[in-house]
Amino acid sequence: MILYIDPGTGSMLFSLGIGLLSVLWFGARKLYMKVKYLKPRRRVTDSNVLPLVIYSDDKRYWKYLEPICREMDKREIGVVYMTASDDDPALSNTYPHIKGEFIGKGNRPYTKLNFLKATLLLTTTPGLEVYQWKRSKDVSCYIHIPHGANAMTFIRMFGTDFFDVLLLSGQYQFDNTRKLEELRHLPEKELIFVGVPYMDDIIARLAETSQPRNSETTVLLAPSWGNTAIFRRFGGKIIDLLLETGYHIIVRPHPQSFISETEMIEELMLKYPETNQLEWNNDLDNFDVLNRADILISDFSGTVFEFALAYDKPVICVDVHFDDAQYDSCWLETGNWTINTLPRIAMILTENNQGQIKEMIDQCLTDETFRSQRHQVCDEAWIHRGEGAVRVADYLERKYTELTGQSLREAGQTHED
Amino acid sequence: MTISHILFQIFIEPLVLLFEVLYKISLQLIGDSALAIIPLSLAVNFLCLPLYLRADEIQKENRAIEKKMEPWVAHIKKHFSGDEQFMMIQAYYRESGYKTTFRLRNSISLLLQIPFFMAAYRVLSNTPYLIGKSIAFLPDLGSPDGLLIIGGVAINLLPIVMTAINLASAFVYTNQDMGKREKVQMIIIAFVFFVLLYNSPSGLVLYWILNQIFSLCKNVVITSNKKFFIGLTKDRILYIVSVALSIGGIALIVVSIAFLILFKSVPILLIATGILMQIPIAAQVRKLKGKKGLLENKVGKKTIFTISILSCITLTVLVGLLIPSALISNSSMEFINRWDYHSPFMHIVNSFLLAFGLFIVWFGVFYYLATDNGKKVIGTIAWILSGCAIANYMFFGTNLGIISSYLIFDNTPSFSNSEGLRNLLVLAGVILVFLFAWQKRKRIAISVQTITVIILIGMFVINALHVAGDMPQINKVMSQVSEEKPTFKLSKEGKNVVVIMLDRAINGFVPYIMNEKPEVAEQFSGFIYYPNTISYGHGTNDGSPGLYGGYEYTPEETNKRKNVLLAEKQNEALKLMPVLFNNAGFDVTITDPPLAGYSDIPDLSIYNDYPGIKAYIIENGLFRDQNQTNLAKRVLWGRNIFAYSLMKILPVGIQPWFYEGGNYQNTNPDGSTYQLVQIRDDRSHARGINSVFVDRQTTLDALPTISEASEEDENHFLMFYSRLAHSPTLLSEPDYSISQVIDNAIYDDEEQESRQFLDGRKVLLTSAFQMSHYHANMAALTELGEWFDYLREQGLFDNTRIIIVSDHGFCLRSFTDMIFGYRTIDDAMWYNAFLMVKDFGSDGDLKTDNTFMTNADTPTLAFDGLIENPVNPFTGNAVNNDKKYEDEHHIFYTDHWQVNENKGTTFLPGDWFTLHGDNLFDMSAWEYEGYY
């Protein structure tokens, strides 16, 4: 049982190997560097990488995103519009450069989005990296644009923290975002002021549409839905009170009420059938009804700000105890901008003053203070009016070039080919 | 290989090795196996101190983050529910830089204790060093203390003391901002250890108590920022301890130098300890100066990590793959156990797991837990270690000679002072160059390290392919393994011819053995002893073909047949006598034909064409219970191949210390080298059992039980092979019995000893090497003598011709009158073959015949009078001994004695000698011809 060890030959082999491989290694590296700098550097312009994707988790956001799509189409920039609604109007849009794509319901969109290859992704959906929706390592830039001028204040906690870019419409959004970043030790996001494209659309439509000549004052009751909303708190009594004013009343329940509160709505519709004075409205497009109304009675629906700022008409808001514990705003000492701002653009209806609703309506319609406050708030929350879509499109083009060194127009077209 | 074995090899075994080494160092420093536990505990604790400090720090950091996050976590828990609550908390954790896995980090201290505990348990619970050892009031550190006796029931006191200290430690913690859950956890752990250790040997419990005391002191020091001890602050105490250690270390070095001057030997351990004791003061000085250290320039974390991990991979590949594979590929066959088969690759896997555990996992743990500066230090250490390891392995200690598969060198590695110095200079150079590269040329360092890893892996692959190439042969041999015991049939009426080949039997010892043991000489009556016998080769590959096949197979003649492979010629030689006897109607039995099929384990299929020839392998422990040796081999190979690799990367100055006579710092009796190998301190003292010797001796011992006398008139030929004389072992004198501990000092005392002198000629038996060969030869001849007695009793002796012959001698330098040059190979003993012959009917006292003989005479002697004009069936040439009468005899020596290496058609070049005339004892007749 003996054997003999001679690592001497091993050391020779080792020395020889080191020598040979060193020559090869450094030679190969030199060659690699040469090749690397021979060709201009190409960035994320893989043919599998989509230049621009817009994602919408529901069909109802088409109206917010359509102005941007329209602008992109006008610039002949290809966009893939991914939606989680199979009946999203985007799927049947007529813009030649906007390609709608249904990516499934429930959790299915996330399987697609989490492995998406795209340079830019624009969305109104918050919650990236908070819920099932994770950042794809193959998406260079995640861009969030809020639904409306005050939408950011109703984003659930951490909802925009993992985006790269926020497209804003007011200074308060900028300040709040920076404050949250500071509190949470997050890197600063790119914050770009663009305005509110869909409210620009309303303005444009208003300009094209003749103003209705109402023979009588028209009051629109457009409540939100859920436990804190008007119908749950006041029941049919609010309709009774409104009918007592003698004004023309339009009741427009929240679309979600027809799904989640069917029984309650059906009961109300039975109890208060349509008459000359009362009409029920559930148009898909709320433009006409908002246009017809002289005043809006609502709670916290986004429509309040839309009506006040875009239609420039008065609002009465139901006093709802709002708990912002689930929202980013609960982190801020300044509180929730919407809640703070509401009294400036609306009168507040409570259990105590509900009897004076007619007086309140009349005061709203006649008191000029509300108008001037509306305009102030509008300046705070909605800058670059009329330029939203253009500014978004400009930014997207700029950002794409910054990331890839290429033009989004060319890339978008190439991709369409 | 089970998962638990893999995990044990990776996580625990490297620590076991560390414990063993530290314990052995402590033992050598203190000289008392019980007290050595104290420095062991101190060393382990100081080594782990950075780990534990960092673990505590991390725990503190974690607690701080958790505390900071608490309000918002509570908020989220209150206002969200279900999945959303979970997802919100996850998002918040993420934003706060906190991971759920951080909770585990709170338990790092505890997690770290588990492997360290397991390692301590493995080393200290069953070590022979503590069994029966008493200290102070503890009677036996190898068993539970049983100090308290209440109502006749012995209660172990130490575990209770240990638990008390544990709880005290928990109390110290309670002063901190520790959560209630953690306090409860600590108390539970204290009780878990109580249960675990209650019945453990008191030595282990003592060790654990020392650990707890250390931990308690550490906690007291860390938690207090005040002047808590005679008005001294923590920093002040650290400073004082550092200074004390430094002074102690300097004292050690001074003592070492005095030792060096007085005794001319280098107490490396003392010097190394003295130097290590300077580290704390160096750290203090650096802290005071507030200067940036050599390692503290700005380096990217990623670069540091890359170099560190590459260096650790280099060490892993070198120690875990390359060195073991180089060792095993030399002779894969030697690394299999026929009674407990595992592929030789298993040993490489085992070593790899250990290396992975040591260099990647444990280095990784230290690295992971280190601060950024600590990471730099660890990275630098790994980087420099890898360079030194390669330099040590590749360029030093490359000629340590023959090593057995149990990792025992034939000659204990020793290095001259100049080689040690050269090694240190080279290492100093490597360290400087590597430090420079670390500081200034990191990119190159990364490239060099990557290349090194590739090269090392490439070299490993070459070795692995070599081993893989041996696998068919191993599988073939393993398929032939049989537990069938042969029967040696010998006839009372016909003729029996027995050729016994005693590998490496020493011719010159015979008269001394017979003189010392007249009863053996009596057993050998009828034999003629031929002292003037040569072998034409020096080993089995060049010496045995002539022995078996006659003069056609001497190295010189073998080389002339250039169109036939050496393996084929070996097979021919091994078949020559059996085939001719078989053809002549003899019943033929063969055992262990050496190098049959050019395999270390004989390939018996070379006899497949001859149904009349029965061949067996019996010298592998067939006659012995293998259970204990199987376990020992498994444990030993699992550990010592790695330990050997580790030794090879050490500076040569400490390699002999680490080698520890072949024990490699082992303390585990299960896998003890001493169960398999005898480690000889000097010619009179040794420890352990040479397992191979026992295998071989039990085989010779079994001869009477497997021999069978036949009344029929038939002829038998038995070709028997034994390597007992090739198994140098010290036996217990004067009866030469096997013993675990050998102390022959009294018998070996030269003044009292007459056995070394015979007719005015002295046999030198002064070294362990010489003496162990003498003993092995004694054992072989004694065993054969017993068998001859048996043959006599059975009435078989007279009609049996017995030829005892060896393939070569050995360079023992036991006879000064047989040395004809200054080199090791210029020793006529090496080429002096053993030859004793007893012919049919021969009787009377053992005679000595100085006629010139060679071991190539064997066939002629065997055929004499039985087979007329024998002809080699493979070449057609006559088998005779005409060449013996020529004037010149060409004798061959080669370093390439391994048949997996020297396997062409002719022998690889070697040294050639000519013996002029017919007297090997005439030193002037020897002439060196050259190397070709």
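The values are calculated or read from the model by the stated rules, or taken from the named source; none is laboratory data. What you see is a predicted model; the values in this text were computed from it and never measured. Every residue, glycine among them, receives a Cβ derived from its backbone with ideal geometry; neighbour counts consider all protein chains shown. These area figures cover heavy atoms from the full protein model, side chains too; ligands, DNA and RNA do not enter into them. Shrake-Rupley method; radii C 1.70, N 1.55, O 1.52, S 1.80 Å.
Among B:Ile825, B:Gly638, B:Gln59, whose Cα sits farthest toward the positive end of the charge dipole of chain B (+1 at Cβ of Lys/Arg, -1 at Cβ of Asp/Glu, about the Cα centre)?
It is B:Gln59, whose Cα lies furthest towards the positive end.
Give the aspartates and glutamates whose C-alpha is closer than 19 Å to that of B:Lys133, dropping any in the same chain fewer than 8 places away, or say none.
The qualifying aspartates and glutamates are B:Glu20, B:Asp32, B:Asp145.
Excluding A:Thr209 itself, what net charge comes from residues whose Cβ is under 11 Å from its Cβ, given Lys and Arg +1 and Asp and Glu -1?
Every neighbour counted, the sum reads 0.
Pick out, in residue order, every one of the GluC sites (Glu not before Pro) in the range B:430-537 that is DSSP loop and has at most 10 other C-beta atoms within 10 Å; say none if there are none.
Hits after loop and neighbour filter: B:Glu483, B:Glu484.
Once both axes come from the Cα atoms, what is the angle between helix B:202-223 and the longest principal axis of chain B, in degrees from 0 to 90, rounded to 10?
Rounded to the nearest ten degrees, it is 30.
Might you report the magnitude of the Cβ-based charge dipole of the protein assembly as shown about its Cα centre, with Lys and Arg at +1 and Asp and Glu at -1, to the nearest 20 debye? Intermediate results must be reported in sequence, preceding the final value.
Working: 119 positive and 149 negative charges, 1264 e Å.
My answer is approximately 6080 debye.
Within 10 Å of each Cβ in B:558-565, how many Cβ atoms from other chains are there, averaged over the peptide?
Details: counts 0, 0, 0, 0, 0, 0, 0, 0.
If you average over the peptide's residues, the count of other-chain Cβ atoms is 0.
How far is it, in nm, from the label point at B:Thr816 to the one at A:Leu270 when both lie 7 Å from their Cα along the line to the Cβ?
13.0
With N denoting the number of residues in the range B:345-408, provide Rg(C-alpha) divided by 2.2 N^0.38 Å, to two decimal places. Working shown, then result.
Numbers: Rg = 15.6 Å, N = 64, 2.2 N^0.38 = 10.7 Å.
Compactness ratio reported: 1.46.
If amide H atoms are built 1.01 Å from N in the plane of the peptide, which residues on other chains or at least 5 residues away come under 5 Å of the amide H of B:Val498?
Close amide H contacts, sequence-distant or interchain: B:Leu718, B:Arg801, B:Ile802, B:Ile803.
Would you tally the net charge around B:Ala584, using a Cβ to Cβ cut-off of less than 15 Å, leaving B:Ala584 out, and scoring K and R as +1, D and E as -1?
Result for the neighbourhood of B:Ala584: -2.
Just the number: Rg to Rh for the protein assembly as shown, Cα atoms, Kirkwood Rh, two decimals.
Answer for the protein assembly as shown: 1.17.
Taking just the alpha-carbon atoms of chain B, what radius of gyration and Dmax come out, in angstrom?
Cα-based Rg and Dmax for chain B come out at 33.5, 111 Å.
Can you pull the percent of chain B's accessible area that's carbon plus sulfur, 1.4 Å probe, other chains left in place? Working shown, then result.
On the way: 23250 of 38270 Å².
The computed percentage sits at 61.
Under a GNM of chain A (C-alpha, springs under 10 Å), which listed residue has the highest mean-square fluctuation: A:Arg374, A:Arg135, A:Arg29?
A:Arg29
Ratio of alpha-carbon Rg to the 2.2 N^0.38 Å globular estimate for the range B:700-793, to two decimals, please. All intermediate terms of the calculation are to be shown ahead of the outcome.
Working: Rg = 17.0 Å, N = 94, 2.2 N^0.38 = 12.4 Å.
Its radius of gyration relative to the 2.2 N^0.38 Å reference: 1.38.
Which helices of chain A meet both criteria: a Cα extent of 30 Å or more along the helical axis and a mean Kyte-Doolittle score no lower than 0.0, with helices taken as whole DSSP H segments?
In chain A, the long hydrophobic H runs are A:7-38.
Which ³J(HN,Hα) values in Hz, rounded to whole numbers, follow from the phi angles of the range B:422-428 under the Karplus curve 6.51 cos²θ - 1.76 cosθ + 1.60, where θ = phi - 60° and Gly and Pro get x?
Result, ordered by residue: 4, 4, 5, 5, 4, 5, 4 Hz.
How many nm separate the modelled label positions at B:Ile250 and B:Ala168, each set 7 Å beyond the Cα in the direction of the Cβ?
Once both label points are built, they end up 3.4 nm from each other.
Take every Cα-Cα pair in chain A and report what % of them are more than 40 Å apart. Intermediate results must be reported in sequence, preceding the final value.
Details: 25953 of 86736 pairs.
That fraction is 30 percent.
Give the dimensionless ratio obtained when the Cα radius of gyration of the range B:536-687 is divided by 2.2 N^0.38 Å.
That ratio works out to 1.42.
Please give, to one decimal in nm, the separation of the simple spin-label points placed at B:Leu276 and A:Arg232, each 7 Å out from Cα toward the Cβ.
Placing both labels 7 Å along Cα→Cβ, they lie 7.1 nm apart.
Provide the per-residue ³J(HN,Hα) series for the range B:483-498, in order, calculated from phi with Karplus coefficients 6.51, -1.76, 1.60 and θ = phi - 60°, each as a whole number of Hz, with x at glycine and proline positions.
So the J values, rounded to whole Hz, are 9, 5, 9, x, 10, 8, 7, 10, 9, 7, 9, x, 10, 10, 10, 10.
I need the calculated FRET efficiency for the pair B:Lys60 and B:Arg236, taking r as the beta carbon distance and R₀ as 22 Å, to the nearest 0.05.
Efficiency at R0 = 22 Å is approximately 0.45.
At a 1.4 Å probe, which residues in the range B:309-337 are at least 30 Å² less accessible with all protein chains present than in their chain isolated?
Those are B:Asn330, B:Glu334, which lose 30 Å² or more relative to the chain on its own.
For helix B:108-124, report the angle its Cα long axis makes with the longest principal axis of the Cα atoms of chain B; keep it between 0 and 90° and round to the nearest 10°.
Compared with the principal axis, the helix lies near 30 degrees.
Tell me the total accessible area that A and B bury against each other, 1.4 angstrom probe, in square angstrom rounded to 100.
Numbers: alone 21570 and 40310 Å², together 57820 Å².
Answer for the A-B pair: about 4100 Å² buried.
Could you tell me which of B:Phe86, A:Asn48, A:Ile249 has its Cα farthest along the dipole of the protein assembly as shown towards the positive end, charges placed at Cβ (Lys, Arg +1; Asp, Glu -1), taken about the Cα centre?
Highest projection toward the positive end goes to A:Ile249.
Grab the other residues whose beta carbon is less than 15 angstrom from that of B:Asn559, score K and R as +1, D and E as -1, and report the net. Write down the numbers at each step before the final one.
Details: positive: B:Lys560, B:Arg561, B:Lys562, B:Lys569, B:Lys883, B:Lys903; negative: B:Asp542, B:Glu552, B:Glu556, B:Glu557, B:Glu568, B:Glu572, B:Asp911, B:Glu929.
Neighbourhood net charge equals -2.
List, in the order given, every pair from A:Lys59/A:Lys271; A:Lys59/A:Lys237; B:Lys517/B:Lys838 whose Cα-Cα distance in the structure shown is over 27 Å.
A:Lys59/A:Lys271; A:Lys59/A:Lys237
Keeping every protein chain present and rolling a 1.4 Å probe, give me the accessible area per residue for the range B:377-519 in Å².
Heavy-atom SASA per residue in the range B:377-519 reads 41 Å².
If r is the Cβ-Cβ distance from B:Asp410 to B:Thr905 and R0 is 25 Å, what FRET efficiency results, to the nearest 0.05?
0.25
First compute the accessible area of chain A with a 1.4 Å probe, then give the percent of it belonging to carbon and sulfur atoms.
52
Based on the Cβ-Cβ distance from B:Leu148 to B:Leu196, what FRET efficiency comes out when R0 is 25 Å, to the nearest 0.05?
E between B:Leu148 and B:Leu196, to the nearest 0.05, is 0.80.
Tell me which GluC sites (Glu not before Pro) from the range A:305-413 have a DSSP coil assignment and no more than 11 other beta carbons within 10 Å of their own. Write down the numbers at each step before the final one.
Values: sites: A:Glu306, A:Glu333, A:Glu351, A:Glu359, A:Glu368, A:Glu380, A:Glu387, A:Glu397, A:Glu402, A:Glu410; in loops: A:Glu333, A:Glu351, A:Glu387.
Sparse-neighbourhood loop GluC sites (Glu not before Pro): A:Glu333, A:Glu351.
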